[in-house]
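Peer 1: Right, I'll just put the structure down here and ask away after.
The values are calculated or read from the model by the stated rules, or taken from the named source; none is laboratory data. Note that the coordinates shown come from a computational prediction; the quantities given were computed from them, not determined experimentally. Cβ: placed from backbone, ideal geometry, glycine included. Neighbour counts: every protein chain shown. Each accessible area value is taken on the protein alone, full model and side chains, heavy atoms only, with ligands, DNA and RNA left out. Shrake-Rupley method; radii C 1.70, N 1.55, O 1.52, S 1.80 Å.
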Amino acid sequence: MYKRNGALLTGTFWQYLGPSLLSTTSILLGSIVDGIIVGNLIGPDAMSAVNLTQPVVLVVQALFFLFGMGAATAISIARGRREEAQANALFTMGSLCLLAVSIAVAALGTVGIDGVVAVLCSNEALSGLVRSYASTIIVGAPFMLVVPGLVYVIRVDGMPRMSAAVLVVANVVNLVLDLVFIAVFGMGIAGAALATVVGYAAGGCIVLGYFVSKRRTLRFASLGEPRKLLAPIIDGGVAPALNTCLLFAKILLLNRIVLAVAGQGGMEIFAVCNYAISFVSIFVSGAAEAMVPLLGMLFGERDARGMRIVFRRALLFVLIACGVSIAAMELAPELILAAFSITDESRLAVGVVGLRVFGLSLFVMGANLILMYYLQTVRRKSIAVAITVLRGFALVVPAAWLLSTQFGIDGVWWAFVIAEAATLAVAVAACLVVARRSHGALEGVLLTEKPDDRVALFDGSLRATKTDAVGVSMEVIAFARANGLDDAMANTVGLMVEEAVVNIAETNAPCDRGRSASKAADPVGVDVLVRIDPDEIRIAVRDGGVALDALTAPRGSAEEFTGITVMRAMAERVEYARTLGLNDTLVLLSRDRKHAGCVS
């Protein structure tokens, strides 16, 4: 009757998805509009200089992926394991890494600016513009690296709206100041770079608000052994960081291949395809950024079914978004090309074929990227990195070169389809091999933990009402008895679950803690997991209600005898955590001795 339905986790995923999409959309639109403003107010040479400086921006992005997303992933896993001290240490280490690396980039880049410009640009007419833009971006690296890096940490600390606000403010301020610095003060391309830096500094003001917020739960802590903290951070961020680095090399080589076989006309079509990737990336990145913190928490809690639920929600959302994009490219390629002023009949003919073939790769691309983020989060770094390298460079570039020699520009489009499909096949095969070699410990492509025959699981969902509290308690008691617990211990486990759900129901009643009466008809969702191992019994109760930490209730207070406090008195250990807007209570009972609190 109370089988797991995934409603609680799905609701949390949607809660994080909206702000994540807003963040990724603001970044993409900010980049596009920024380019339009520079091109129109300064000229095409300035726009070319901005494009030539993109490797510097990509390096900055790779670093905040590595240390920002990496720290956030490691923190979510630590909190899932109820290792709050470890989570705080990871937060401290990640913040220090972002700050130290940003200062190093600014210092080394400023000292070596001549070498940087020489690598970026060989055209003397553009080198001055490149120097002006790149030098300002490099000096502003502390803002451009630390601020977006901490966005991931803010999100994993249960503040998705604040994290989105940081990037929205940064990009809006950037666009406004572009107009002010360029059109009003005549600062040229240096003004465009300064607007970008100041925009992130403005976003940094919101980050400062996070550090003084009463809702912040992560705290600075002693590092202990820094090397042991750095390893999980790098493991959590290496795949997206590598993907960003490979992006530059891939685009550089593919541009040359396209120019060689199709000239400027082919480059125009290829640019449209890249815009299609950018558009789809809004949804892929949004889904991934909503999935990763939830997934890390569930991985830390060893909640295999929850992990599958969240992954499937993210994958379904991405596949729907990719499907809509593919439908547009297959059914109306002429309209898409016309939007980019490609109306010449010869180029239109090439473009229609190109969009229709290239569009087929987007579906598999979405699956590859979501699988890559999933595997990175569950500590399957080698397969995640393999996906990044194969689809990001090792397959697509050689395939494009080889097929273009045989089929011209059409071969380039097919190279994307083949590379994405081959990458997915290799990734799935690698996961299945790992599962097989685990000798039954892991199962399926998602490599979730498979309980052995000695472990019994009760995994249920319900609404926080007193009726459901009694009902699920009876099911848990029957389950416990059927799996070897005596009546006293089975009754104790059932009572603990009942007390927890009743406590949640009473705490979230309309008259309590400011909840409106309109919410009375919509009780809080609750997930209950009871795991009976040979040596212990593990009870996990998760709900999406108001923050409730009854463990700190003083003796003699009105909250002393709430369900969570009763569980603390009866159990070996009770732990509470507020993670991603969810209350997580974990109760451990030993099977080695008769507990004094057992109910007969």
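Peer 1: Rounded to the nearest 0.05, what FRET efficiency do ALA441 and VAL180 give with R0 = 56 Å and r taken as the Cβ-Cβ distance? Could you check?
Peer 2: For R0 = 56 Å, the calculated efficiency reads 0.40.
Peer 1: Output ³J(HN,Hα) for region 183-193: one whole-Hz value per residue in order, computed from phi by the Karplus curve 6.51 cos²θ - 1.76 cosθ + 1.60 with θ = phi - 60°, and x for Gly and Pro.
Peer 2: The phi angles translate into 6, 8, 9, x, 7, x, 5, 5, x, 5, 5 Hz.
Peer 1: Given a Förster distance of 41 Å, report the FRET efficiency between LEU432 and LYS214 from their Cβ-Cβ distance, rounded to the nearest 0.05.
Peer 2: 0.30
Peer 1: Does anyone have the angle between helix 304-331 and the longest principal axis of the chain? Alpha-carbon axes, 0 to 90°, nearest 10?
Peer 2: Roughly 30 degrees between the two axes.
Peer 1: Separate question: Heavy-atom accessible area per residue, region 437-478, 1.4 Å probe: how many Å²?
Peer 2: Accessible area per residue, region 437-478: 54 Å².
Peer 1: Multiply the residue separation of TYR275 and ASP45 by 0.36 nm, subtract the distance between their alpha-carbon atoms, and state the gained length in nm to one decimal.
Peer 2: 80.7 nm
Peer 1: If you take the square roots of the eigenvalues of the alpha-carbon gyration tensor of region 210-353 and sort them as a ≥ b ≥ c, do you get rounded (a/c under 1.5), prolate (a/b over b/c) or oblate?
Peer 2: Prolate.
Peer 1: Return the carbon/sulfur percentage of the accessible area of region 193-299, one whole number, probe 1.4 Å, all protein chains in place.
Peer 2: Result for region 193-299: 67 percent of the exposed heavy-atom area is carbon or sulfur.
Peer 1: How large is log10 I(q)/I(0) at q = 0.12, 0.13, 0.19 Å⁻¹ when the Debye formula is applied to the Cα atoms of region 288-390, each weighted equally and without solvent?
Peer 2: -0.53, -0.59, -0.89
Peer 1: Starting from 0.36 nm per residue, how many nanometres of slack lie between SER590 and CYS205 once their C-alpha separation is accounted for?
Peer 2: Length gained between SER590 and CYS205: 133.7 nm.
Peer 1: Counting only heavy atoms of the protein chains, get the accessible area per residue of region 117-217 (1.4 Å probe) and round it to a whole Å² value.
Peer 2: Working: 3980 Å² over 101 residues.
Ligands and nucleic acids excluded, the result is 39 Å² per residue.
Peer 1: A further question follows. Solvent-accessible area of ARG305, probe 1.4 Å, all protein chains present, reported in Å² to the nearest ten, please.
Peer 2: About 100 Å², ignoring ligands and nucleic acids.
Peer 1: Pop a pseudo-label 7 angstrom from the Cα along the beta-carbon direction at both MET474 and THR405 and give the gap in nm to one decimal.
Peer 2: 7.5
Peer 1: Provide the convex hull volume over Cα atoms per residue for region 184-235, in Å³. Intermediate values should be presented prior to the final figure.
Peer 2: Details: hull volume 7.6 nm³, N = 52.
Expressed per residue, the convex hull around the Cα atoms of region 184-235 is 146 Å³.
Peer 1: What whole-number distance in Å separates the alpha-carbon centres of region 461-486 and region 104-150?
Peer 2: 62
Peer 1: Under the 0.36 nm per residue contour assumption, what length would be gained going from the current alpha-carbon distance of LEU99 and ALA425 to full extension?
Peer 2: Details: separation 326, 0.36 × 326 = 117.36 nm, distance 3.92 nm.
113.4 nm is the gain from fully extending LEU99 to ALA425.
Peer 1: Another question, then. Using just the helices of the chain, give the 222 nm mean residue ellipticity in deg cm²/dmol: DSSP H runs with n ≥ 4 each add -39,500 (n - 2.57), and the total is spread over all residues, rounded to 500.
Peer 2: The helix contribution divided over the chain gives -24000 deg cm²/dmol.
Peer 1: Which of the pairs LYS214/LYS450; LYS3/LYS228; LYS228/LYS381 have their Cα atoms more than 28 Å apart in this structure?
Peer 2: LYS214/LYS450; LYS3/LYS228
Peer 1: Then there's this: Candidates (i) 35.0, 115; (ii) 25.1, 85; (iii) 26.8, 88; which is the computed Rg and Dmax of the Cα atoms in Å?
Peer 2: Only one option fits the structure, namely (iii).
Peer 1: Hey, what do the phi angles of region 196-211 turn into as Karplus ³J(HN,Hα) couplings, whole Hz, using 6.51/-1.76/1.60 and θ = phi - 60°, x for Gly and Pro?
Peer 2: 5, 5, 5, x, 5, 5, 5, x, x, 5, 5, 4, 4, x, 4, 5
Peer 1: Now a separate question. Two decimals, Cα atoms only, Kirkwood Rh: what is Rg/Rh over region 388-482?
Peer 2: Ratio of gyration radius to Kirkwood radius for region 388-482: 1.37.
Peer 1: What distance in nm lies between label points placed 7 Å from Cα along the C-beta direction at GLU572 and ALA488?
Peer 2: With each label placed 7 Å out from Cα toward Cβ, I get 1.7 nm.
Peer 1: List the extent of the Cα atoms of region 23-151 along each of their three principal axes, largest first, rounded to whole Å.
Peer 2: Extents along the principal axes, in whole Å: 58, 33, 17.
Peer 1: Taking the 0 to 90 degree range and rounding to the nearest ten, how far is the long axis of helix 487-507 tilted relative to the main principal axis of the chain, both from C-alpha atoms?
Peer 2: Approximately 60 degrees, to the nearest 10.
Peer 1: Rounded to the nearest 0.05, what FRET efficiency do LYS3 and LEU335 have when you use their Cβ-Cβ distance and R0 = 45 Å?
Peer 2: My answer for the efficiency is 0.45.
Peer 1: Taking a ≥ b ≥ c as the square roots of the Cα gyration tensor eigenvalues, with a/c under 1.5 meaning rounded and otherwise prolate when a/b beats b/c, else oblate, which class fits region 230-301?
Peer 2: Oblate shape, in that a/c is at least 1.5 and b/c is the bigger or equal ratio.
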